[in-house]
């Protein structure tokens with residue numbers, strides 16, 4: 001069949017429109033049609049990822065190291081690889097004290113007095129490692145299981161696997177607090193998966209989605225326009241044959257119409273009690289804490305409405321995320337003050353509503369930090385042993401898994417790869433990570449590549 005250049009451009013333009021629309025609106029019917037069969041009964045059905053952008057210091061948060069106190073100011077008595085900036089000084093003790101909390105006796109820094117009250121719900125993994133010490137590649141690795149851009153994010157994989165039960169919202173949402181990670185929007189991309197599974201960006205405010213307000217004066221007029229668009233797209237399908245992009249566009253126009261009422265209801269919070277708003281810190285005296293509290297409350301409301309994967313990015317609190325190469329004390333204190341109340345509120349609220357058992361709450365970053373001082377009061381990047389924690393969704397609360405050496409530099413016990421975390425999360429969501437694959441580039445691709453093991457010790 002001969003196709004003119006004008007016809008090619010015409011059909012391509014429609015396809016690009018479908019890609020743009022499907023990146024924002026992930027409609028339930030399309031997602032469920034592409035959901036995969038579970039490999040075993042799932043413990044979790046949704047994920048909330050609390051992304052701590054920049055690299056919190058493990059020995060200052062959830063992995064106390066008394067040896068740093070003892071040897072403060074002395075040279076580190078071990079060989080270490082070059083760090084990101086490679087201008088490290090002597091050992092730096094933690095500026096904060098630790099206490100044991102809960103029946104589990106979990107160690108938590110004074111940076112997190114509210115999260116500490118939820119100690120028995122936390123599964124703390126102290127032996128996480130990464131393959132990269134630079135933010136961009138490490139962010140890709142954390143989010144997609146690969147250090148290069150262009151791969152599907154874990155949110156895309158989860159939504160691809162589970163489909164979505166959200167009737168009027170996308171299946172995968174990123175609530176942008178104000179700081180997009182190094183690596184940009186590719187951290188939330190769908191890669192070689194259909195564009196429907198890409199993360200949709202919401203803002204933590206009532207007008208959470210741009211350009212959502214209807215332009216037509218009446219609902220009837222808008223419905224007539226949607227019906228016309230549907231007929232036009234269907235006519236294109238008749239010429240092109242099967243096209244996932246155009247098919248998604250047909251469904252997504254209708255979802256966009258539904259979102260015009262669903263999003264204001266979601267973000268309006270009018271049905272939340274004042275006690276709940278206070279629990280999340282919406283009255284916090286620190287403005288960035290109010291923003292993060294709004295994000296956490298939005299995340300709970302999204303999961304209630306069937307959204308499968310919600311990621312929260314950081315608001316700005318006057319510092320470069322958790323990336324304190326200098327001014328460690330003030331930087332970590334302000335970042336912790338911003339998130340502590342809201343995270344504790346989220347965990348308590350999910351638990352009170354019976355949702356924590358089926359929702360994985362993941363707290364973590366792309367890497368940790370060194371035990372040596374950088375400048376007069378900072379720490380460099382450290383991918384060789386750092387801490388993440390998870391709560392709910394089948395993770396065993398009140399648990400410490402793995403260990404770093406006495407200085408907190410290297411994982412020395414039950415070393416975890418990023419692929420192990422991804423494999424364990426997929427297992428709790430009902431999937432064998434080796435079987436959740438898509439054929440691309442001549443081989444079966446997966447979130448964990450050819451690596452990863454389910455860590456059974458982390459699971460209830």
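The values are calculated or read from the model by the stated rules, or taken from the named source; none is laboratory data. Computed from a prediction, not measured in an experiment: that's the story for all the values here. Cβ atoms come from the backbone with ideal geometry, glycine included; neighbour counts cover every protein chain shown.
Return yes when residue 327 is over 22 Å from residue 429 (Cα atoms), touching a residue at least 40 places away in the same chain (Cβ under 8 Å) and crowded, with 24+ Cβ neighbours inside 10 Å and no when it is not. Answer is no for this residue. Here residue 157 fulfils each of the conditions (1) modelled with pLDDT of 95 or more; (2) over 15 Å from the mean Cα position of the chain (by Cα); (3) assigned to a helix (DSSP H, G or I) apart from (2). Here is a check on your reading of the model: is residue 166 closer than 19 Å to residue 44 by Cβ and out of contact with any strand residue (DSSP E or B) (no Cβ under 8 Å at 6 or more places or on another chain)? Spelling it out, residue 166 is indeed closer than 19 Å to residue 44 by Cβ and out of contact with any strand residue (DSSP E or B) (no Cβ under 8 Å at 6 or more places or on another chain).
Counting the residues of segment 112-131 that are more than 28 Å from residue 84 (Cβ to Cβ) and assigned to a helix (DSSP H, G or I) gives 6.
Only one entry of 348, 329 meets the criterion of being closer than 30 Å to residue 89 by Cβ and outside any strand (DSSP E or B), and that entry is 329. Taken residue by residue, segment 300-314 has at least one member that is at pLDDT below 95 and either closer than 20 Å to residue 388 by Cα or under 19 Å from the mean Cα position of the chain (by Cα) (or both).
Counting only helices (runs of 4 or more DSSP H) that sit completely within segment 204-282, those holding 3 or more residues that are modelled with pLDDT of 90 or more correspond to 244-268, 274-279. Taken together, 310, 339 contain a single residue that is closer than 16 Å to residue 178 by Cβ, crowded, with 24+ Cβ neighbours inside 10 Å, touching a helix residue (DSSP H, G or I) at 6+ places or on another chain (Cβ under 9 Å) and touching a residue at least 12 places away in the same chain (Cβ under 8 Å), which is 339.
Across segment 40-54, what is the total count of residues that are crowded, with 17+ Cβ neighbours inside 10 Å and assigned to a loop (DSSP other than H, G, I, E, B)?
Residues of segment 40-54 crowded, with 17+ Cβ neighbours inside 10 Å: 42-54.
When the remaining residues are screened for being assigned to a loop (DSSP other than H, G, I, E, B), the result is 42-45, 52-54.
The number of residues fulfilling the criteria is 7.
Residues that are out of contact with any helix residue (DSSP H, G or I) (no Cβ under 9 Å at 6 or more places or on another chain) and in contact (Cβ under 8 Å) with a residue 60 or more places away in the chain within segment 429-457 comprise 435, 440, 441, 445, 457, listed in sequence order.
Scanning segment 83-94 for residues that are closer than 18 Å to residue 405 by Cα and in a loop (DSSP other than H, G, I, E, B) yields a count of 4.
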